[in-house]
Amino acid sequence: MSEIALGVFYYAGLLDPAAQAALADEIARVVAAAPLYVSTMKKTGAPMSVRMTNCGALGWVSDKERGYRYEARHPVTGEPWPAMPPRLLELWNELTRYPRPPEACLVNVYDEQARMGLHQDRDEEDLAAPILSLSLGADCRFRLGGTRRGDRAVAFPLSSGDALVLSGPARLRYHGVDRILPTVNAPLPPALSAFGVRVNLTLRRVA
Ligand SMILES: O=C(O)CCC(=O)C(=O)O
Ligand SMILES: [Mn+2]
């Protein structure tokens, strides 16, 4: 682990290939129960290039009408989200040491063209809780800015098995995914490879 900036903890290769495959199996079960959907931006209504789903008590959803928010049910099927796999709760406890469990795990699925614009995660009431991000599959170029949009940003690759925690003074730092890189340290395990090339799991405490 290295604290690459105040409150930004980077765990390169935290999950070995067997752990990545086991997690991919769990996430494939989540996707089977809660199909991937396309969210739209709140201002423009433009579709996001990333497809998503969630597990846990709450899920992050967005549409033009009602904007970014958390909901207890899938926006298309109307079903409650699948439970968060215990392994994710363990990782949350190990890596964040936060006394309360995460309520939402957003599953972002990228194809080669997908990206995510620079943004803050601020749809949660509990901004004291860290954010935990886990990556599987293709490498991406991750961008990390400051707490104001115009602040200088750094960019670095995230690879399969990497974890990143944004906590404390870094909780509201802008971040995004510039692009999927042609380098692949480990392809998505077969359980998920039909859906895209990279999967990111973002665990958050909401309330
Ligand atoms: O895919 C990533 O690495 C970042 C995802 C993210 O920032 C988000 O879902 O809010
Ligand atoms: Mn984010």
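Just a few scattered comments:
- Taking all protein chains into account, the per residue accessible area for the chain stands at 46 Å² (1.4 Å probe).
- Cα gyration tensor, the stretch 1-115 - rounded (a/c under 1.5), prolate or oblate: prolate
- A dipole drawn for the chain from +1 and -1 charges on Cβ atoms has a positive end, and of His175, Leu89, Gly161 the residue lying farthest that way is His175.
- The stretch 76-135: trypsin sites (Lys or Arg not before Pro) falling in loop per DSSP and having at most 10 other Cβ within 10 Å: Arg97, Arg122
- Global form of the stretch 1-63, assessed from the alpha-carbon gyration tensor, a/c cut-off 1.5: oblate
- Solvent accessible area, Å² - Asp162, 1.4 Å probe, full protein context: 10 Å²
- Charge sum, other residues only, whose C-beta stays under 15 Å from Ala155's C-beta, Lys/Arg counted +1 and Asp/Glu -1: +2
- FRET efficiency for the pair Arg152 and Met41, taken as 1/(1 + (r/R0)^6) with r the Cβ-Cβ distance and R0 = 30 Å, rounds to 0.75.
- Within the stretch 49-207, the percentage of alpha carbon pairs spaced more than 20 angstrom apart rounds to 50%.
- Along the chain, longest interval not containing exposed GluC sites (Glu not before Pro), exposed being DSSP loop plus at most 13 other Cβ atoms within 10 Å: 126-207
- Most mobile listed residue (Gly168, Gly146, Gly78) in the chain, GNM with C-alpha springs under 10 Å: Gly78
- Counting only protein heavy atoms and a probe of 1.4 Å, the accessible surface of the stretch 151-207 is 60% carbon and sulfur.
- Cβ-placed point charges (K, R +1; D, E -1), dipole of the stretch 2-204 about Cα centre in debye, nearest 20: 700 debye
- As a fraction of the 1.4 Å probe accessible area of the stretch 1-134, surface on carbon and sulfur atoms comes out at 54 percent.
The values are calculated or read from the model by the stated rules, or taken from the named source; none is laboratory data. In this text the structure is predicted, and so the values were computed from the model without any measurement. Please note: Cβ atoms are built from the backbone with ideal geometry, for glycine as well, and neighbour counts cover all protein chains shown. Surface areas here come from the heavy atoms of the whole protein model, side chains and all, with no ligands, DNA or RNA. Shrake-Rupley method; radii C 1.70, N 1.55, O 1.52, S 1.80 Å.
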